[in-house]
Amino acid sequence: MSIHFNEQKKIFKLDSKGVSYVFKIYQEGFLAHLYFGAYIPDDNLPDFERRPVYASFSPQPASVEPYTFSPDTCPMEIGCNGGADLRIASIQIRNADGNAVTDMRYVSHKICSGKPALPGLPALYANTPDECETLEITMRDQVTGAECVLLYTVFERHPAITRSVIIRNASNKPMLIERAMSFCMDTNGCDYELISLYGRHMQERDFERRPLAHGTQGIGSRRGSSGHAQNPFIALISKGGNEDSGEAYGFNLVYSCNFKAEIEVDYNNTARVIMGINYDDFGWNLAPGEEFYTPEAVLVYSAEGLGGMSRAFHRLYNENLVRGEWKHKKRPLLVNNWEGTGMEFDDDKLYAIAAWAKETGIEMFVMDDGWFGRRDDDTSSLGDWKVNERKLKGGVGALVKRVKALGLKFGIWYEPEMISPDSDLYRAHPDWAIHVPNRECSVGRQQLVIDMTRKDVRDYLFDIMSEVLANNDIDYLKWDFNRNISEAGSALLPAERQKEFYHRYILGTYELMDRITKAYPHLLVEGCSGGGGRFDPGILYFSPQIWCSDNTDALSRVDIQFGTSLCYPASAQGAHVSASPRASYETKRNVALWGSFGYELDPAKISEEARNEIKAQIADYHKYYDLIHYGDLYRIICPWDDPYNCAWMFVDEDKTQALAIYLIKFKKERRGLFLRLKGLDPAKYYRWEETGEVFSGALLMNAGISLFRMPNEDGYSKTFFFTMV
Ligand code: DGJ
């Protein structure tokens, strides 16, 4: 890991694990991108001069020699709006004269060890100052006095670079930021395919792959949340690349609100990638002397296809994104009552689930929605975070004590960012709901979103949540978010600042998450949003696990987990076994093991046989915990390649243990099938636990294990566990 500046050639070279990123201060102070890919030696830098320099309709600064250079044909580290670079812009600042021409040129740079925090924003962090190095490049628009500081951090142990921008008003006039993307990166060609994760409630993060086409393409969210519809993740993979081969570039935004990722393929057949806050309906007023920080983007490079890219994200996030006590501590095996009881419960019913859980070997009971206000269904009470004594006699504390007396941990559900129109809170503070004047508010799940831009709202939420969290021995908090934002506006923001609303909203949410996690550091927080509608690195920074989906039918949920695994580690995805009917408990367990595992059911509503089966499953959860949470994931058969079967496996860092899972979603005639494992040491030997047979890693990976004699049934699944001999 290192960042070097070659003074003579004016070239920056950033080396992360196996990866180089190179750019140059070019003529007139433009910052020209040279290379991002597998490591290249310092003494053999890419040849810039072979690039297209000029095209007849690409403007050039009057100061450069005619027909020699245009910013429009030069790969750039920042895409400025309105000047001679006419591709999609990453930065656009409207100045006091009313135009939005933005022209950033190099001024200075500094290199330091470690990684500075981004005020108010979640971001990757350095565990020790020597595991990261950061480059800060200051650029300036000489006409307006706007400045951009481009931040790059390289990581010693990861093929990854993080990027973000600080925009500064170094003039004495106000400015309006209209576009503040976190990075701009021009590739050296366009022979890539774009991968993104689309979805909806119950079908999150489905894999989609399409060739890049000339023009602009991309994904985004305008939902006030990163959202179910698109994840803030894209990958570019070289044509023909797959799980194990080809060059894959992954881009993930550490942000939980409106985002955009765009790629423009230009007439030189190069692709520009930009990613950041969605610039639709965005604006940020910047007074003289003020700064604006963009969210951070994570860029990962892999020469080993999508599999290599995913493993790089997983390790990076486990080490440098997830924080707090629960980063390395074993997460408790939980049971949640939601799918079992919905909101129809009282303390005795919940206690009965907890008592069964204890007897079964489960370690934590989580009380979901319905414990507060007058909440028996979704028509009321969000915001009234006081216990419903009719349901929980003696309050939350009495139930916590009873559950704790069993020797279990206790978890609780909140949806802090919401307010029901039928709530005491709304009746007292109608202005606290997000709304715009003279317009009816649309409802979603019969609720409104509370205005997190307001400090009084955040203080109220912190205090009322603290009444429960500070006075009871609570171990876990499920932080839900069950609708998107419409009619976005805040009663407190002046008209000219309403465009700041969405970003201020998420900054407010992050601030409350920060206060809660700092005040109650022992809490294990699980993010949630109608299943996995806000599954992003921003939320992961505050909550080490996120509920992956409300779809607990193992045969379709497995697709969601495959998609999620493109960039999020197994440790991040909450995954539960429920009473859903389509698959056996064995298959449900095999699928849910791929995550932070738990159960979500009412034991009174399942058979004794099922209860016994669950009891027998617990030992395997412990046995495979480290391997799954901290091992490397290899996708063997992916749902996007094969709609019938899928298979995946985990291998520990030393390659001494491996767990493979094979699942038949829908049977089709099988004519001899071998499951070829991945990630083992070919020269070592492994014992298959089930039969005691010993195979070489080479045999398991090249010839594979025969599946021929296995039952061929819808929903059948099987685990294969190997240990090195
Ligand atoms: C949506 C979540 O995804 C569910 O798990 C559950 O917590 C409900 N909300 C409760 O309203």
Inset, instruction - Give me the distance between the Cα centres of region 600-617 and region 98-148, rounded to whole Å. - result: 54
Legend entry - Distance between region 416-486 and region 671-725 - C-alpha centres, whole angstrom: 51
Inset, instruction - Quote the Stokes-Einstein diffusion coefficient, in whole µm² s⁻¹, for region 508-665, based on the Kirkwood radius over alpha carbon pairs, a temperature of 37 °C and a viscosity of 0.692 mPa s. - result: 199
Inset, instruction - Would you tell me the accessible area of residue 541, worked out with a 1.4 angstrom probe on the heavy atoms of the protein chains, in Å² to the nearest 10? - result: 40
Inset, instruction - Compute log10 of I(q)/I(0) for region 120-238 with the Debye formula, placing one identical point scatterer on every Cα and leaving out solvent, at q = 0.19, 0.22 Å⁻¹, to two decimals. - result: -1.24, -1.26
Inset, instruction - Kindly provide the GluC sites (Glu not before Pro) of region 1-73 that DSSP labels as loop, not H, G, I, E or B, and whose Cβ sees at most 14 other Cβ atoms within 10 Å. - result: 7
Inset, instruction - In whole Å, largest first, what are the principal axis extents of the Cα atoms in region 678-725? - result: 35, 20, 16
Inset, instruction - With a Förster radius of 60 Å, plug the Cβ-Cβ distance of residue 467 and residue 641 into 1/(1 + (r/R0)^6) and report the FRET value to the nearest 0.05. - result: 0.70
Legend entry - Cα-based equivalent ellipsoid of the chain: semi-axis lengths in Å, sorted from largest, via gyration tensor: 43, 35, 20
Inset, instruction - Place +1 on the Cβ of every Lys and Arg and -1 on the Cβ of every Asp and Glu in region 442-548, take the dipole about the Cα centre, and give the residue among 493, 471, 543 whose Cα lies farthest towards its positive end. - result: 493
Inset, instruction - Quick one: compute a quarter of the convex hull surface over the Cα atoms of region 590-658 and quote it in nm². - result: 6.0
Legend entry - Rounded to the nearest 10 Å², the accessible area of residue 630 at probe 1.4 Å: 90
Inset, instruction - Pop out the ³J(HN,Hα) list for region 657-666 in order, Karplus 6.51 cos²θ - 1.76 cosθ + 1.60 with θ = phi - 60°, rounded to Hz; leave Gly and Pro as x. - result: 9, 8, 10, 10, 10, 10, 9, 9, 6, 9
Legend entry - region 164-312 - convex hull of the alpha-carbon atoms, volume per residue in Å³: 119
Legend entry - Efficiency of FRET from Cβ geometry, residue 685 and residue 344, R₀ 56 Å, rounded to 0.05: 0.55
Inset, instruction - Among 411, 116, 429, flag the residue with its Cα farthest along the positive direction of the charge dipole of the chain, charges on Cβ as +1 for Lys/Arg and -1 for Asp/Glu. - result: 411
Legend entry - Relative packing of peptides 210-222, 271-283, 433-445, 166-178 - highest average C-beta neighbours within 10 Å first: 271-283, 166-178, 210-222, 433-445
Inset, instruction - Note the direction-averaged projected area, equal to a quarter of the hull surface, for the Cα convex hull of region 22-82, in nm². - result: 4.8
Inset, instruction - Give the cross-link partners of residue 110 among the lysines, using a straight C-alpha distance below 26 Å as the criterion and excluding same-chain residues fewer than 8 apart. - result: 9, 10, 13, 17, 24
Inset, instruction - Any chance you could list P(r) for region 556-597, counting all Cα-Cα pairs in 10 angstrom bins from zero, rounded to whole %? - result: 31, 56, 13
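So if R0 is 45 Å, what FRET efficiency would residue 127 and residue 439 give, r being the distance between their Cβ atoms, rounded to the nearest 0.05? Write down the numbers at each step before the final one.
Details: r = 48 Å, r/R0 = 1.07.
Using R0 = 45 Å, I get an efficiency of 0.40.
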Legend entry - Karplus 3J(HN,Hα) series, Hz, for region 194-204 with 6.51 cos²θ - 1.76 cosθ + 1.60 (x for Gly, Pro): 9, 10, 9, 10, 9, x, 7, 4, 6, 8, 6
Inset, instruction - Determine the relative contact order of region 103-223: mean sequence separation of Cα pairs under 8 Å and six or more apart, normalised by residue count, in whole percent. - result: 15
Inset, instruction - Let me know the Kirkwood hydrodynamic radius for region 248-360, please, with Cα pairs as the basis and the value in Å to one decimal. - result: 19.4
Inset, instruction - With the convex hull built on the Cα atoms of region 647-713, state its orientation-averaged projected area in nm². - result: 4.6
Inset, instruction - Report, in debye and to the nearest 20, how large the dipole of the chain comes out about its Cα centre when Lys and Arg carry +1 and Asp and Glu carry -1 on their Cβ. - result: 680
Legend entry - Extent along principal axes [Cα atoms of region 53-204; Å; largest to smallest]: 48, 41, 34
Inset, instruction - Could you calculate, for region 420-532, the ratio of the Cα radius of gyration to the Kirkwood radius, expressed as Rg to Rh? - result: 0.97
Legend entry - Sequence ranges 124-130, 241-247, ranked by mean other-Cβ count within 10 angstrom, highest first: 241-247, 124-130
Inset, instruction - Using the structure shown, list the pairs from 409/718; 615/655; 615/667; 329/386; 327/518; 329/401 with a Cα-Cα distance above 20 Å, or answer none. - result: 409/718; 615/655; 615/667; 329/386; 329/401
Inset, instruction - Name the aspartates and glutamates eligible as straight-distance cross-link partners of residue 115: C-alpha to C-alpha under 17 Å, and not fewer than 8 places from it in the same chain. - result: 15, 130, 131, 133, 136, 156, 296, 319
Legend entry - Exposure of residue 618 as accessible area (Å², to 10), given a probe of 1.4 Å and all protein chains: 10
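Would you please name the chymotrypsin sites (Phe, Trp or Tyr not before Pro) within region 649-695 that are DSSP coil residues with at most 13 other C-beta atoms within 10 Å of their C-beta?
666
Can you give me the Rg/Rh ratio for region 375-474, using Cα atoms for both radii and the Kirkwood formula for Rh?
Numbers: Rg = 15.4 Å, Rh = 14.9 Å.
So for region 375-474, dividing Rg by the Kirkwood Rh gives 1.03.
Going through region 362-431, which GluC sites (Glu not before Pro) have at most 14 other Cβ atoms within 10 Å and a DSSP loop state?
The qualifying sites are 389.
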Legend entry - Coarse-grained scattering of region 1-140 at q = 0.11, 0.18 Å⁻¹, given as base-10 log I(q)/I(0) from a Debye sum over alpha-carbon atoms: -0.49, -1.15
Legend entry - Proximal lysines relative to residue 260, as straight alpha-carbon distance under 23 Å, when same-chain residues fewer than 8 apart are discounted: 499
Inset, instruction - Rounded to the nearest 500, what is the 222 nm mean residue ellipticity of the chain from helices alone, with -39500 (n - 2.57) per DSSP H run of 4+ residues and division by all residues? - result: -6000 deg cm²/dmol
Inset, instruction - Starting from the residue with the highest accessible area, list 378, 15 in decreasing order, probe 1.4 Å. - result: 378, 15
Legend entry - Space enclosed by the convex hull of the alpha-carbon atoms of region 312-460, per residue, Å³: 166
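The values are calculated or read from the model by the stated rules, or taken from the named source; none is laboratory data. Only a predicted model underlies this, so the values are computations on that prediction, with no experimental measurement involved. All Cβ positions, glycine included, derive from the backbone under ideal geometry; neighbour counts span all protein chains shown. To get the accessible areas, we keep the full protein, side chains included, count just its heavy atoms, and leave off ligands, DNA and RNA. Shrake-Rupley method; radii C 1.70, N 1.55, O 1.52, S 1.80 Å.
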